[in-house]
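> This is the structure I have questions about; it appears just below.
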Amino acid sequence: MSILSFFVTFLIPLNKSLQYSLFGSYFYPKEFAMLSIFKKKYFIVDFLEGLTDMHSHLLPGLDDGSPNVETSLKMIRAYRELGYKGVIATPHIMDGLYQNNSTKISNALNSFKAEIEDSEFRHFKIKAAAEYMMDQGFDHLLNNQDFLPLYDNHVLVEMSYYQRNMYVETQIFNLQQKNFQPVLAHPERYFYLTKPEDVLEFQKKGCDLQLNILSLSGHYGPAVYKQSIQLLINNHYDYIGTDAHRAEHLSKIKGITLPKKMIPSIQSLVARTKEKLEHI
């Protein structure tokens, strides 16, 4: 029997879950030339046990993440299946779109904790911070310093995906002048940062860098995937987070596989993230 006949007869009829379990990937006719069954793959979920997610849109009704308590409970269930012990919820704060502030977010956290106090999820650790868009409203936040850090003085920030804010370097500098440490969310996703060197310019300016796990799956497209791989394998990231907005995002993490050569980099990144968040 030819290899092609073997694939058609035995591999394609398998359901996707079994294909993943046996071979670490799906098999379709267009992929036969890759012969990927001969390359061992490692599931990223096997390295996440005991981790706290430091970038999540878990809290219901605050942004484009979870719309309600039911969805948030599904997300917690998915987190536990992945081995996470807790979450730092980071709802968006964007001028004119998501008008959240520290009081509103803290109240939402307390309300949600009350919802799960007597449930199976009561021991799942949840803390609140925010993901701050560096836009016009960010300057107002700098003036009144109404920030919810991830921990200590570390603040999660993001930029526009499509167009570079000409004042962003000044905003980063001003944030540091207020004794805050900027953590730049998903730098691999900004379309105008096309090379690792472009991202590393922000690291040189003092930003920590946070990887989105789903970037390693091709979820955001091939360019983001390539950028994330290059930054990861060279150990440029400081944190790993999910940026999960719904349970389906977390379920997709189960299928992410990496080649053996990348395992030391992912293990090191997870270890660094755990170390930074160990007291949360």
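> If eta is 0.890 mPa s and T is 25 °C, what Stokes-Einstein diffusion coefficient results for the stretch 142-236, Kirkwood Rh from Cα pairs, in µm²/s?
Translational diffusion coefficient: 177 µm²/s.
> Further, regarding this structure: So what are the three principal axis dimensions of the stretch 183-280 from its Cα atoms, in whole Å, longest to shortest?
Per principal axis, max minus min of the Cα coordinates gives 35, 34, 29 Å.
> Sort V87, V270, V183 so that the residue with the fewest other Cβ atoms within 10 Å of its own Cβ comes first and the one with the most comes last.
V270, V183, V87
> Compare H219, H249, H55 in a GNM of the chain, Cα atoms joined below 10 Å, and give the one with the largest fluctuation.
H219
> Would you calculate a helix-derived [θ] at 222 nm for the chain, using -39,500 (n - 2.57) for each DSSP H run of n ≥ 4 and dividing by the full residue count, to the nearest 500?
After summing the helix terms and dividing by residue count, I get -11000 deg cm²/dmol.
> Could you check what % of the DSSP bridge pairs in the chain are antiparallel, to the nearest 5?
20
> Separate question: Restricting to bridges with both residues inside the stretch 134-276, how much of the DSSP beta-bridge set is antiparallel, in percent to the nearest 5?
10
> Using a Gaussian network model of the chain with C-alpha springs under 10 Å, which one of Y239, Y225, Y167 is most mobile by mean-square fluctuation?
Y167
> Report the Cα centroid-to-centroid distance between the stretch 52-71 and the stretch 226-256 in angstrom, as an integer.
Their Cα centres are 18 Å away from one another.
Just so you know, all these numbers are worked out from the coordinates, no wet-lab data involved. A quick note: this is a predicted structure, and the numbers were derived from the prediction, not measured. Because the Cβ atoms are built from the backbone with ideal geometry, glycine has one as well, and the counts that use them run over all protein chains shown.
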